[in-house]
2 protein chains.
Amino acid sequence: MGHSTNEELETRSLSSSRHQSQNFPHIHKVGVPPKQNLINEFKDTVKETLFSDDPLRPFKDQPRSRKFILGIQAIFPIFEWGRRYNLTKFRGDLIAGLTIASLCIPQDIGYSKLANLPPQYGLYSSFVPPLIYAFMGSSRDIAIGPVAVVSLLLGTLLQNEIDASKDPIGYRRLAFTATFFAGVTQATLGLFRLGFLIDFLSHAAIVGFMGGAAITIALQQLKGFLGIKKFTKKTDIISVMHSVWGSVNHGWNWQTILIGGTFLSFLLFAKYIGKKNKKFFWVPAIAPLVSVILSTFFVYITHAEKKGVEIVRHIEKGINPSSVNQIYFSGEYLGKGFRIGIVAGMIALTEAIAIGRTFASMKDYQLDGNKEMVALGSMNIIGSMTSCYVATGSFSRSAVNYMAGCETAASNIVMSFVVILTLEFITPLFKYTPNAILSAIIISAVINLIDFQAAILIWKIDKFDFVACLGAFFGVIFSSVEIGLLIAVSISFAKILLQVTRPRTAILGNIPRTAVYRNIQQYPDATKVPGILIVRVDSAIYFSNSNYVKERILRWLTDEEEQIKGDYQPRIQFLIVEMSPVTNIDTSGIHAIEELYRSLLKRDVQLILANPGPVVIDKLHASTFANLIGEEKIFLTVAEAVSSCSPKMVEEA
Amino acid sequence: MGHSTNEELETRSLSSSRHQSQNFPHIHKVGVPPKQNLINEFKDTVKETLFSDDPLRPFKDQPRSRKFILGIQAIFPIFEWGRRYNLTKFRGDLIAGLTIASLCIPQDIGYSKLANLPPQYGLYSSFVPPLIYAFMGSSRDIAIGPVAVVSLLLGTLLQNEIDASKDPIGYRRLAFTATFFAGVTQATLGLFRLGFLIDFLSHAAIVGFMGGAAITIALQQLKGFLGIKKFTKKTDIISVMHSVWGSVNHGWNWQTILIGGTFLSFLLFAKYIGKKNKKFFWVPAIAPLVSVILSTFFVYITHAEKKGVEIVRHIEKGINPSSVNQIYFSGEYLGKGFRIGIVAGMIALTEAIAIGRTFASMKDYQLDGNKEMVALGSMNIIGSMTSCYVATGSFSRSAVNYMAGCETAASNIVMSFVVILTLEFITPLFKYTPNAILSAIIISAVINLIDFQAAILIWKIDKFDFVACLGAFFGVIFSSVEIGLLIAVSISFAKILLQVTRPRTAILGNIPRTAVYRNIQQYPDATKVPGILIVRVDSAIYFSNSNYVKERILRWLTDEEEQIKGDYQPRIQFLIVEMSPVTNIDTSGIHAIEELYRSLLKRDVQLILANPGPVVIDKLHASTFANLIGEEKIFLTVAEAVSSCSPKMVEEA
């Protein structure tokens, strides 16, 4: 009864149509989009895949000279924002630049240790790359330099090939080679507009990987923090704990622990203050430098280095030497450097783009991912020739940069100048800086990478994502960064593949007193129409799922028939497939639908399609399947399809 | 005007709701599905992924003894269909079995050459595996034995490791090892119900790969066909042509060409007759055996072998010897055999399942893919211990089996017995069989694998699929089977990845005089609603596309705003995202929607969601995004969402 009322309303609201208003007053024809020729179709696909952001739009309809200027500005955005630069903006950038410089100098020295490189290389990498980025980058908030995770990853991968303690020169050369290819990878992805490839690392996997890497890095710091001399070269938690507890009786140095512990508490307290009140963001930002100065002074006057407190001892003075000749352009290390470079480059890219996007959306400006990649790639290529290792956007420093009120990438230039001054004049003063302080600074920095809240949110939203997150996390801490990364990538891909092989299907019912048909699981008061089974397929039908879709629909039918058997209901005569979510179909998909049609024919059930999209209807016609089932079996809406079935239902009953 | 009429109708047809009928008379609440607990959710996912065919259904509510019998029947379907077996069925199976036996014997001898094995191994592989399959397999039409493509693939891969002419014993051992692991791979996939993995090879890529393999195999036959002694070991078309034309003056043997040419014409003519009239299907089926008998007799009486006509010379008499001890279970060849076995096993599986499904859908019976894999795997594992190499379903012989009227897998048993008799008594008679005949038989057999019509259909339906098809095809003929296979797999994956990174989006318009909103490109007379932009996202929103989706929606908005500027139309105040096709969303997707919401807020545009599915609405609530935008901004249909916007539109105007 409810059903018949419903149909009346339907008829009224869906009355008349433009195409066949005489013959079928209630029926709209499903539109077949105008035929495109092959080249246009191909052009559209390429455009949507590679140029989805329409980068050439501003160039349209411009005179030649203007195009040239726009081109220059596109490659070097500094010429664009530089023209509107003024003193107010400079004030913001100056303060932000000085703040991040004070944060980056101690961090750089620590991070270069993670990469098994002498301390000055960290500083080198905070001079050239930020400068280049300031000219080419389009993010206003990112702070460029070495970062913890990339340093650790690079250090692990390089150490697998060359032992840094035995052959430091060869190791360094391989590091520059890897940096060079990291830059080439980044720039290439950007130039060929393949930036979307980094989207294949899922957010959940990254959260897990970063958390695991942070713990691994913190564990590595126990060496400096406890003053242990003999320490494992492995990074997994078991080997490290073995090293730590194995040396508890004769390897720990209490003076080191005292210094490290004191300053770590100080740093964490500073962090707490900064978190409590956003106005004091500068407290945690300058705390590391303050710790370095205080502890260095303390060691210098007490001569603690003679009591077993390890100190930095020597940092090379002067700015970056050239390293063009040190890159391996031939030999066996070319291939190895290439491979390491690709991995490090991709991870660095992922981090930088994530940071860039976060801050761009906070200040609501557009960030061109591909352009960013070219900028990051260029800075690493030039960096590899000026004794830098892989630099990228640092999350902690970028956040400080943002809070300190940076206005443009000029804050990177300010930071860069402070680093030059440091290299030229101040490095000898770091001689007495205890390693324990650097460890404490790194520990307090990487703690931020463990993002509990994100993990909890992932758990709440998607359990499978959470498994991915945990997998990457445990992979890193129990095995190594590479294994963790591999797990993260594999799980990400597995998720994509699962998504395309097992699309959802749903049985639809009519929502009372409407012409709307919805999933009966979601809307328990939606009612099935007797004698008709309405199935919605929730995905494009491709080779990877065509067979499943066909079999799943048949299984719905079998289930339904079994259920009806006892109920004295009319048997299922019509199967309506709601195709709204089916955005595309390929050859295998067409085959599957044909097989479905034939199976249904044998069971004496009619197949009816509702609302196929433009691409699907086009292909149904191309494959002549539309003729096979008859065009009059393809409807604009489920409601129309249902009303077309009803008359025969009545006869039958 | 048309718009207001429309709204009236809408209001009428969508009147009243159960939840909030007092406050919002026109609005239905979007259903939130009942909360499932974690274990159920996980169980459902696993069930849908691995047990989508519900294999345990017949076991439900059965007594224990019945369960046991059902279990035995599930593993050995012969005990199920055997009970209904009768003489009529046996008559069909006997005729079919004899026909395929006459076809398989000459083919087997030829195919074993493709695998670089002595001729009797082809016959061995047509004895044990079909017998095992008859007990365990569930297809009624498939004919088991060695097939051309797998033989070629195995031959190429094995030859890369061990040269068959220098170390035939080692080569054979590796072949058995590979066969063993091919079987293990197949059985494992079936047991763990991972059968869906073979769906990742797209139909188009298989068509291309098979066509390329057929041409490569045919080219290889030129050696035997032209009587060339020195022939390249490579399989690409350029090397082969070089070999062929390089030996034109002193390598070709006219007697061989004469015999080969005559019988090839005969075979092709027989094929033509069989194609012309389905009643004569047996003509091409027995033509090969007739050719072998005639040509052998001819060579025997003319002693053509003394004039340079190559003959088979020797086939070992007697049935399969054991080869258990010959499988490498340790050493370096273990790994190599394992790797080759996986590749050969997967390809063999793809072919067998495709054949099984084709005939199952023609006779309309269900085929359990995973059970099939266990059967195929078991037969290859046992085969590897009885001197067989990888066997699978042969398309040409299965088609003959089907047309000859086979009723059950018993036709494989008949064939198997004929092969034993051949091995025991007739093999010496093959001594004088000229190799040219075997080449002619293989050429006429593999021609069927070149499926022009499928290629044309692929071109019509999906251009990208066609590129995949061509890529695999040219990869095989210009490089090697492995490269072709690699290309086929890569292109298949690239297609999946492209599909998930760049989902379609569409602008919807109202179809005149209905409450229906559709893609305005497909339905040119659908009209946009002033002040409202309606975007439909045509895919689940995952990490791989979340960023693209967000940016694409914003670009639609920008485009629309630019277009409106000149038209004196009200500015866009509402953005409705139609989410019907969005079947799922993950953490990254929620992030992207949040960012979209914030960007729109800055532009003073309201975000409204229409018809999120059960999973999506669940996650919107879990992430508190539903609270952020307000539940009253989530509607059941686009029509309701539009009508909720209208009042403010009027105020504004």
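State whether one or more residues within segment B:646-653 are surrounded by 19 or more Cβ atoms within 10 Å (Cβ to Cβ) and in contact with a helix residue (DSSP H, G or I) (Cβ under 7 Å, 6 or more places away or on another chain).
No, every residue in segment B:646-653 fails to be surrounded by 19 or more Cβ atoms within 10 Å (Cβ to Cβ) and in contact with a helix residue (DSSP H, G or I) (Cβ under 7 Å, 6 or more places away or on another chain).
How about segment A:466-491: which of its residues are buried (at least 24 other Cβ atoms within 10 Å of the Cβ) and within 10 Å of chain B (Cβ to nearest Cβ)?
Result: A:A468, A:C469.
Got a sec? Which of B:L557, B:L508, B:L596 is in a helix (DSSP H, G or I) and either under 27 Å from A:A205 (Cα atoms) or in contact (Cβ under 8 Å) with a residue 60 or more places away in the chain (or both)?
Result of the check over B:L557, B:L508, B:L596: B:L596.
Count, please, the residues in segment B:529-539 that happen to be within 11 Å of chain A (Cβ to nearest Cβ) and touching a Pro at 6+ places or on another chain (Cβ under 6 Å).
Here the count works out to 2.
I want to confirm something. Restricting to segment B:561-593 and keeping residues that are away from chain A (no Cβ under 14 Å) and not in a loop (DSSP other than H, G, I, E, B), which single residue is farthest from B:E631 (Cα to Cα)?
B:K565
So is A:L153 closer than 17 Å to A:K234 by Cα, among the hydrophobic types (A, V, I, L, M, F, W, C) and in the same structural domain as A:F395 (by TED's automatic domain parsing) or not?
Spelling it out, A:L153 is indeed closer than 17 Å to A:K234 by Cα, among the hydrophobic types (A, V, I, L, M, F, W, C) and in the same structural domain as A:F395 (by TED's automatic domain parsing).
Considering (1) within 14 Å of another protein chain (Cβ to nearest Cβ); (2) more than 18 Å from the chain's Cα centre (by Cα), say which one A:S361 fails and leave the rest.
All conditions are met except number (2).
So for segment B:540-557 (the condition being more than 11 Å from every other protein chain (Cβ to nearest Cβ) and in contact with a Pro (Cβ under 7 Å, 6 or more places away or on another chain)), does at least one residue qualify?
no
Return yes or no: is B:G208 closer than 24 Å to B:V446 by Cα, in the same structural domain as B:K463 (by TED's automatic domain parsing) and either of a type outside the set (D, E, K, R) or not in a helix (DSSP H, G or I) (or both)?
Spelling it out, B:G208 is indeed closer than 24 Å to B:V446 by Cα, in the same structural domain as B:K463 (by TED's automatic domain parsing) and either of a type outside the set (D, E, K, R) or not in a helix (DSSP H, G or I) (or both).
Return the only residue of A:L258, A:L219, A:L267, A:L226 being assigned by TED's automatic domain parsing to the domain that holds A:L103 and within 30 Å of A:C406 (Cα to Cα).
Result of the check over A:L258, A:L219, A:L267, A:L226: A:L267.
Going by the structure shown, is B:I72 surrounded by fewer than 14 Cβ atoms within 10 Å (Cβ to Cβ) and either within 14 Å of another protein chain (Cβ to nearest Cβ) or not acidic (D, E) (or both)?
Taking the combined requirement at face value, the residue satisfies it.
Here is a list of conditions, (1) at pLDDT below 90; (2) under 24 Å from B:V150 (Cα atoms); (3) within 14 Å of another protein chain (Cβ to nearest Cβ), and B:K463 meets all of them except one; can you say which number that is?
(2)
Given the residues A:S125, A:S102, which is the only one that is surrounded by fewer than 24 Cβ atoms within 10 Å (Cβ to Cβ), in contact with a Pro (Cβ under 8 Å, 6 or more places away or on another chain) and either in the same structural domain as A:M373 (by TED's automatic domain parsing) or without any contact (Cβ under 8 Å) to a residue 12 or more places away in the chain (or both)?
Matching residue, one of A:S125, A:S102: A:S102.
Only helices (runs of 4 or more DSSP H) wholly contained in segment A:368-484 count here; list those with 1 or more residues that are at positive phi and touching a strand residue (DSSP E or B) at 6+ places or on another chain (Cβ under 9 Å).
none
Filter segment B:374-395 down to residues that are hydroxyl-bearing (S, T, Y) and buried (at least 24 other Cβ atoms within 10 Å of the Cβ) and give me whichever is modelled with the lowest pLDDT.
B:S394
What is the one condition in (1) surrounded by 15 or more Cβ atoms within 10 Å (Cβ to Cβ); (2) in contact (Cβ under 8 Å) with a residue 40 or more places away in the chain; (3) under 25 Å from A:F192 (Cα atoms) that A:Y365 does not satisfy?
All conditions pass for A:Y365, except number (1).
Condition (residue is in contact with a strand residue (DSSP E or B) (Cβ under 7 Å, 6 or more places away or on another chain) and of a type in the set (A, V, I, L, M)) applied to segment B:305-318: is it met by at least one residue?
yes
Go through (1) touching a residue at least 40 places away in the same chain (Cβ under 8 Å); (2) more than 26 Å from A:P321 (Cβ to Cβ) one by one and return the number of the condition A:D199 breaks.
All conditions are met except number (1).
Suppose we filter segment B:496-528 for residues that are more than 7 Å from chain A (Cβ to nearest Cβ), over 28 Å from A:Q366 (Cα atoms) and surrounded by 23 or more Cβ atoms within 10 Å (Cβ to Cβ); how many remain?
Qualifying residue count, segment B:496-528: 3.
With respect to the numbered conditions (1) among the acidic types (D, E); (2) surrounded by fewer than 22 Cβ atoms within 10 Å (Cβ to Cβ); (3) touching a strand residue (DSSP E or B) at 6+ places or on another chain (Cβ under 7 Å), which one is the sole condition not fulfilled by B:E551?
Going through the list (1) among the acidic types (D, E); (2) surrounded by fewer than 22 Cβ atoms within 10 Å (Cβ to Cβ); (3) touching a strand residue (DSSP E or B) at 6+ places or on another chain (Cβ under 7 Å), B:E551 breaks only (3).
How many of the residues making up segment B:419-437 are crowded, with 20+ Cβ neighbours inside 10 Å and aliphatic (A, V, I, L, M)?
4
The values are calculated or read from the model by the stated rules, or taken from the named source; none is laboratory data. No experiment lies behind these values; they were computed from the predicted model shown. Positions of Cβ are generated from backbone atoms using ideal geometry, with glycine treated the same way; all protein chains shown enter the neighbour counts.
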